[in-house]
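Peer 1: Before anything else, here's the structure in question.
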Amino acid sequence: MRKYTRQIQQGKQKAENKNRLLLEAQLPMSELIAGVRQDIEGFAAQLGLTIIQRVMAAEIEQKVGKWGQQQTHRHGHQPGYVIYGGRKVSLERPRLRSLEEQEVPLASYQAFQTEGKLQAAVARQLTRQCSTRNYEGAIDDCLKGYGIKRSSVSRHWKAATVKELETLMQRPIPKDLLVLMIDSKFFGGDCLVAAIGIDLQGRKHVLGIWHGATENSTVVKGLLEDLVSRGLESERKMLIVLDGAKALRKAVQMVLGDQGLVQRCRIHKLRNVLDQLPEEKKAQAGWRLRSAWAKQDPKVAEKELRQTAKWLEASWPMAAASLLEGLAETLTVQNLNLPPTLCRILSNTNLIENCFSQAAHRTRQVKRWDGPKMILRWTAAALLSAEKNFRRIKGCEQLSLLEKVLHESEASSTLKAA
């Protein structure tokens with residue numbers, strides 16, 4: 001009985017494998033063992049092309065069908081290409097015709113020929129600081145191909161970054177955002193304003209970028225309105241972390257109104273104050289400001305900051321004025337009674353500054369910026385590439401406390417309005 005059971009199982013297995021694509025590679029084992037790595041890689045590349053051809057042959061067999069029941073017929077071959085190994089590789093493309101003598105496309109050939117694969121390969125290299133002129137030498141020299149010269153690579157990179165920019169500027173905004181950070185940076189002499197959001201789980205999201213000649217309220221207002229159109233809940237309380245620019249504060253007030261609880265970046269504020277002081281006084285002033293901001297009680301912190309401003313007023317009135325401007329908004333995180341870890345992280349725009357530094361690092365090979373479109377494309381690609389390596393913020397398990405405070409603040413505002 002066991003004998004027949006085994007035979008039945010073997011027969012079923014053969015029936016299941018009948019329609020599968022079979023490929024046998026006769027390996028020149030002695031040559032591979034004695035050869036060098038390049039020969040092995042070249043053989044593997046040719047084997048990959050053989051697999052592609054066998055897949056197309058299997059599709060043809062399926063579409064032609066059994067003898068006497070054919071719906072299509074073979075129609076020879078013609079020169080074609082596939083995207084393989086980051087380049088275009090020539091091969092013979094089989095053709096099919098219908099009974100009405102119409103060309104029948106091969107889905108497998110179209111899949112292997114899609115330009116998106118080459119654009120993705122180019123994007124992987126160029127986002128890692130490989131220039132267009134060096135792309136040809138950066139890919140493995142295991143088979144001959146074309147479409148890898150500087151001009152072709154540049155076209156593929158442009159197409160890839162256009163898609164990256166569209167992805168960034170069209171994807172919906174997460175619904176559970178608690179923190180919105182906005183800051184600007186200059187690329188090629190033009191200003192880019194970027195927004196990054198932090199959700200309830202502590203994950204960071206690049207939300208969008210906006211271009212302008214300078215950091216003004218119109219540019220920031222355009223960015224915020226675009227975020228609202230993509231799902232940013234403007235009616236919900238949110239912590240907004242900004243640098244010291246008045247243009248950003250004005251734009252937030254125009255678009256989000258009182259729903260945005262603004263935290264001024266302390267690093268920017270510290271820098272603005274110290275820039276007004278002589279070198280011998282910068283260390284002392286910096287120590288006093290950091291000590292005041294480290295206080296957990298907002299009233300104590302504000303008292304020490306005003307004492308520091310009074311000390312500065314006698315000899316450096318401009319430094320004192322810089323400190324007093326928006327002073328209360330440098331203590332928003334303390335007024336929300338957030339834990340020290342969250343206070344430290346959410347009191348500045350270091351998170352977005354880090355994203356900009358990664359974008360600057362990835363675009364350092366650019367020798368000449370060719371207008372705003374190029375700046376937006378490159379920056380979008382760099383930010384999305386950096387986003388893949390984002391980690392959750394420290395103290396993310398405490399963000400539920402921030403959510404609770406924002407919810408209570410929103411409910412209180414609703415009662416007052418009623």
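Peer 1: Filter region 289-299 for residues that are open to solvent by 60 Å² or more (accessible area, probe 1.4 Å) and part of a helix (DSSP H, G or I) and give the result. Full working, then the answer.
Peer 2: Narrowing region 289-299 to residues open to solvent by 60 Å² or more (accessible area, probe 1.4 Å): 290, 294-297, 299.
Correct list: R290, K299.
Peer 1: Quick check on region 395-403. Is at least one of its residues acidic (D, E) and part of a helix (DSSP H, G or I)? Walk me through how you get there before you give the answer.
Peer 2: Residues of region 395-403 that are acidic (D, E), as a first pass: 397, 403.
Then drop every residue that is not part of a helix (DSSP H, G or I), which leaves 397, 403.
Scanning region 395-403, I find at least one residue that is acidic (D, E) and part of a helix (DSSP H, G or I), so the answer is yes.
Peer 1: Any chance you could count how many residues in region 333-352 are open to solvent by 20 Å² or more (accessible area, probe 1.4 Å) and in a helix (DSSP H, G or I)?
Peer 2: 7
Peer 1: Let me ask something else about it. Look at region 397-410 and say how many of its residues are in contact with a helix residue (DSSP H, G or I) (Cβ under 9 Å, 6 or more places away or on another chain) and modelled with pLDDT of 85 or more. First the steps, then the outcome.
Peer 2: So the first thing to find is which residues in region 397-410 are in contact with a helix residue (DSSP H, G or I) (Cβ under 9 Å, 6 or more places away or on another chain), and the list is 398-399, 401-402, 410.
Now narrow it down to the ones that are modelled with pLDDT of 85 or more: 398-399, 401-402.
Number of matching residues: 4.
Peer 1: Here's something else I'd like to know. Looking at region 353-381, which of the residues that are more than 16 Å from W210 (Cβ to Cβ) and part of a helix (DSSP H, G or I) is least open to solvent (accessible area, probe 1.4 Å)? I'd like the intermediate steps shown before the answer.
Peer 2: Initially, region 353-381 is screened for residues more than 16 Å from W210 (Cβ to Cβ), giving 353-354, 357-358, 360-370, 381.
Pick out the ones that are also part of a helix (DSSP H, G or I) and you get 353-354, 357-358, 360-362, 381.
Details: E353: 68, N354: 76, S357: 61, Q358: 49, A360: 37, H361: 94, R362: 43, A381: 4 Å².
That would be A381.
Peer 1: Do you know which of the residues in region 383-402 that are in contact with a strand residue (DSSP E or B) (Cβ under 7 Å, 6 or more places away or on another chain) and open to solvent by 20 Å² or more (accessible area, probe 1.4 Å) is nearest to I345 (Cα to Cα)? Break it down into steps so the answer makes sense when it comes.
Peer 2: First, the residues of region 383-402 that are in contact with a strand residue (DSSP E or B) (Cβ under 7 Å, 6 or more places away or on another chain): 383-384, 387, 390, 393, 399, 402.
This time we only want the ones that are open to solvent by 20 Å² or more (accessible area, probe 1.4 Å), so: 387, 390.
Working: E387: 18, F390: 15 Å.
It comes out as F390.
Peer 1: Here are some residues: L277, L305, L312, L256. Which one is over 28 Å from V179 (Cα atoms) and buried (at least 20 other Cβ atoms within 10 Å of the Cβ)? If you could, list the steps in order and put the result at the bottom.
Peer 2: On the way: L277 fails: buried (at least 20 other Cβ atoms within 10 Å of the Cβ); L305 fails: over 28 Å from V179 (Cα atoms); L256 fails: over 28 Å from V179 (Cα atoms).
Selected residue: L312, the only one of L277, L305, L312, L256 that is over 28 Å from V179 (Cα atoms) and buried (at least 20 other Cβ atoms within 10 Å of the Cβ).
Peer 1: Hey, among L224, L207, which residue is in a helix (DSSP H, G or I) and more than 21 Å from S409 (Cα to Cα)?
Peer 2: Details: L207 fails: in a helix (DSSP H, G or I).
Going through L224, L207 in turn, just one is in a helix (DSSP H, G or I) and more than 21 Å from S409 (Cα to Cα): L224.
Peer 1: Looking at T341, is it within 22 Å of A245 (Cβ to Cβ) and either free of Cβ contacts under 8 Å to residues at least 40 places away in the same chain or under 38 Å from the mean Cα position of the chain (by Cα) (or both)? Break it down stepwise before answering.
Peer 2: Working: within 22 Å of A245 (Cβ to Cβ): no; either free of Cβ contacts under 8 Å to residues at least 40 places away in the same chain or under 38 Å from the mean Cα position of the chain (by Cα) (or both): yes.
Considered against the rule, which asks whether it is within 22 Å of A245 (Cβ to Cβ) and either free of Cβ contacts under 8 Å to residues at least 40 places away in the same chain or under 38 Å from the mean Cα position of the chain (by Cα) (or both), T341 comes out as no.
Peer 1: Give the residue that is nearest to R368 (Cα to Cα), with candidates limited to residues of region 176-235 that are among the polar types (S, T, N, Q) and surrounded by fewer than 17 Cβ atoms within 10 Å (Cβ to Cβ). If you could, list the steps in order and put the result at the bottom.
Peer 2: Going through region 176-235, the residues among the polar types (S, T, N, Q) turn out to be 184, 201, 214, 216-218, 229, 234.
From what is left, the residues that are surrounded by fewer than 17 Cβ atoms within 10 Å (Cβ to Cβ) are 201, 214, 218, 229, 234.
Values: Q201: 40, T214: 19, T218: 27, S229: 33, S234: 38 Å.
Among residues in region 176-235 that are among the polar types (S, T, N, Q) and surrounded by fewer than 17 Cβ atoms within 10 Å (Cβ to Cβ), the one nearest to R368 (Cα to Cα) is T214.
Peer 1: Condition test on T218, is it part of a helix (DSSP H, G or I), at pLDDT below 90 and over 21 Å from the mean Cα position of the chain (by Cα)? First the steps, then the outcome.
Peer 2: Numbers: part of a helix (DSSP H, G or I): yes; at pLDDT below 90: yes; over 21 Å from the mean Cα position of the chain (by Cα): yes.
In short, yes.
Peer 1: Pull up region 71-116, narrow it to residues that are at pLDDT below 75 and of a type in the set (S, T, N, Q), then point me to the one that is most open to solvent (accessible area, probe 1.4 Å).
Peer 2: Q110
The values are calculated or read from the model by the stated rules, or taken from the named source; none is laboratory data. A quick note: this is a predicted structure, and the numbers were derived from the prediction, not measured. Neighbour counts run over all protein chains shown; Cβ positions are idealised from the backbone, glycine included. Surface areas here come from the heavy atoms of the whole protein model, side chains and all, with no ligands, DNA or RNA. Shrake-Rupley method; radii C 1.70, N 1.55, O 1.52, S 1.80 Å.
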